[in-house]
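Every read-out reported here was derived from the displayed coordinates using simple, explicitly stated rules and does not represent laboratory data. Keep in mind that what you see is a predicted model, and the values were worked out from it rather than measured. Here the Cβ is made from the backbone with ideal geometry for all residues, glycine too, and neighbour counts use every protein chain on show.
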Amino acid sequence: MKKVLTIAFAIVCSVMMMAQGQHATKPTIMVVPSDNWCLRFGYTQTYDNQGQEVVVSDYAKALREDTRLSMAIHKIEELMTDRGFPLKNMEQVLKNLSSQSAEDAMLTSKTGAAVAESPIDKLKKTAKADIIIYLNWKAIVMGAKVNVHYDMAAIDVYTGNNVATSQGASTPQTGDEISILQQCANNNIGPFVDQLSAFFEDMMVKGRQISVRIKAWDDFEDGLEAEYDGKELSEIIEGWMTDNCVEGRNHLSDATENMMYFDEVRIPLFDESGRATDARKWVNNLRKYLKSTYDIEAKLMMQGLGQAQLVIGGK
């Protein structure tokens, strides 16, 4: 009897671990209206990007003024929740930003050495989602019936790459457009979910993809050709990148005496302590390494969540 209970307990533990593993391999997502949808209904704002006015979607205004939006987002969130995807609700994230008195600062906030941070970058950073799903739909009224066309694009927050898409159109039918939208999306959601799962499973194995730009200040003598312990600084940096990327995965796509640009840089999702990592934390380890090993100062600046820039020779 004791042996049977032990075997049963082992089976239960295995099932629980498998369930946890399946949950862990799903990305955290956030659903937002597409730029096209916001533009069609006039929900936009401008922000100052280092003297240049840039037009972006105004999600807060859209939520305040169009009741359809929160309903549509909620319906898509339901579909994703039913399939085990953890969610970040855009409306709640915006409220958190507002409560921190950050909404106004979004228009002029900057990171690092005067690198402008856009409102969508601020939203992404606060939400800490892996994937943004941009939702667009259009309802065509045909007498007493409604025909809904929709499309969704899932974007990797760190790279901006499109990782999954879904499109569809309903047949003309009676009912409200949001319910028809949900039904139409549900009919086409299978391949979309498969694409998302495949993307995140690949990321769990190969790491999160970012890009890293290395520069040298004008007054840093010899630039990246400066030698330390018989090696040029560029060689030292390239070696560190290979040693610390997942399976050494990175690509040095451009290099001069004062600049190096790495794309397709794969960083682990978690550090050695099991805590979530990101581009800033990971590249900051390179900054610390250069300081502790070679007494080289460097300034870390971010351009979006997945683009880090390290400027050598001072802060």
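At-a-glance table
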{"read-out": "Segment 27-203: radius of gyration and largest Cα-Cα distance (Dmax), Å", "value": "16.9, 57"}
{"read-out": "Loop-resident sites, segment 258-315, for GluC sites (Glu not before Pro), counting at most 13 other Cβ within 10 Å (DSSP)", "value": "Glu272"}
{"read-out": "Principal axis dimensions, segment 130-221 - Cα atoms, whole angstrom, descending", "value": "75, 32, 13"}
{"read-out": "C-alpha center-to-center spacing [segment 202-250, segment 262-289] in angstrom", "value": "12"}
{"read-out": "Thr174/His74 FRET efficiency (R0 30 Å; Cβ-Cβ; nearest 0.05)", "value": "0.90"}
{"read-out": "Ala139-Lys206 pseudo-label distance in nm [points 7 Å out on the Cα-to-Cβ vector]", "value": "4.1"}
{"read-out": "Viscosity 1.306 mPa s, 10 °C: Kirkwood-radius Stokes-Einstein D of segment 207-312 over Cα pairs, µm²/s", "value": "115"}
{"read-out": "Label-to-label distance, nm, for residues given as Arg249 and Asp35 (7 Å Cα→Cβ offset)", "value": "2.8"}
{"read-out": "Karplus-derived 3J(HN,Hα), 6.51/-1.76/1.60, for each residue of segment 206-222, Hz, glycine and proline x", "value": "9, x, 6, 9, 9, 10, 9, 10, 10, 10, 10, 4, 4, 8, 7, 4, 6"}
{"read-out": "C-alpha long axis of helix 233-244 to longest principal axis of the chain, angle in °", "value": "40"}
{"read-out": "Convex hull of Cα atoms in segment 251-303, direction-averaged projection (nm²)", "value": "4.7"}
{"read-out": "Simple spin-label estimate for Asp219 and Tyr261 in nanometres, 7 Å along Cα-Cβ", "value": "2.8"}
{"read-out": "³J(HN,Hα) computed for each position of segment 281-297 - Karplus, 6.51 cos²θ - 1.76 cosθ + 1.60, integer Hz, glycine/proline x", "value": "4, 5, 6, 5, 5, 5, 4, 5, 5, 5, 6, 6, 8, 10, 6, 9, 7"}
{"read-out": "Ratio of Rg to Rh over the chain (Cα coordinates, Kirkwood Rh, two decimals)", "value": "1.05"}
{"read-out": "Given Lys61/Lys315; Lys26/Lys288; Lys122/Lys315; Lys95/Lys315, the pairs whose alpha carbons are separated by over 27 Å", "value": "Lys61/Lys315; Lys26/Lys288; Lys95/Lys315"}
{"read-out": "Angle between the chain longest axis and helix 177-187 axis [Cα atoms, degrees, rounded to 10]", "value": "70"}
